[in-house]
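Working notes, beginning with the structure itself.
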Amino acid sequence: MGFSIYDLFKTGLLLTNAALILNRPRFLAKYGWDEANPHTQSPLVVQAINLHTAMQYLKVPVIFCNIFLILIELILGGG
C-alpha cells in the first residue's frame, strides 16, 4: 500500500469539502466565529475565520475537482 500524490489530492479535496459545508450562521455563530473581530478575538481565530471566508470562493473549482475524482474512481476503481 503506497502513499501517492493522488492520495494527497483526495485528502485535500475531502478536507476542503468538509470546510465548505460549514454554514456560518448555523454552526460558527455558536462559537462567536460568524464575524472576524481582531480587537476581541485571538489572531489565530481571526485567521481561521478569514480562511473560511476565502474558501467560499473555491466552491465552483471544488465541484469540478469532485467530478474529476469521481470519474477517476469509476474508471480506475477505488482502493
Of residues in region 1-28 being assigned to a loop (DSSP other than H, G, I, E, B) and of a type in the set (A, V, I, L, M, F, W, C), the one modelled with the highest pLDDT: ILE21
Quick check on region 42-52. Is at least one of its residues open to solvent by 40 Å² or more (accessible area, probe 1.4 Å) and not in a helix (DSSP H, G or I)? yes
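Go through region 21-73 residue by residue and tally those that are among the charged types (D, E, K, R) and under 28 Å from ILE5 (Cβ atoms).
Kept after step one, since they are among the charged types (D, E, K, R), are these residues of region 21-73: 24, 26, 30, 34-35, 59, 73.
Imposing the further condition that a residue be under 28 Å from ILE5 (Cβ atoms) reduces the set to 59, 73.
Of the residues in that region, 2 qualify.
The values are calculated or read from the model by the stated rules, or taken from the named source; none is laboratory data. Owing to the predicted nature of the structure, the values given are computational and were not obtained by experimental measurement. No Cβ is skipped: glycine too gets one built from the backbone with ideal geometry, and neighbour counts run over all protein chains shown. Ligands, DNA and RNA are excluded from the accessible area calculation, which covers all protein heavy atoms including side chains. Shrake-Rupley method; radii C 1.70, N 1.55, O 1.52, S 1.80 Å.
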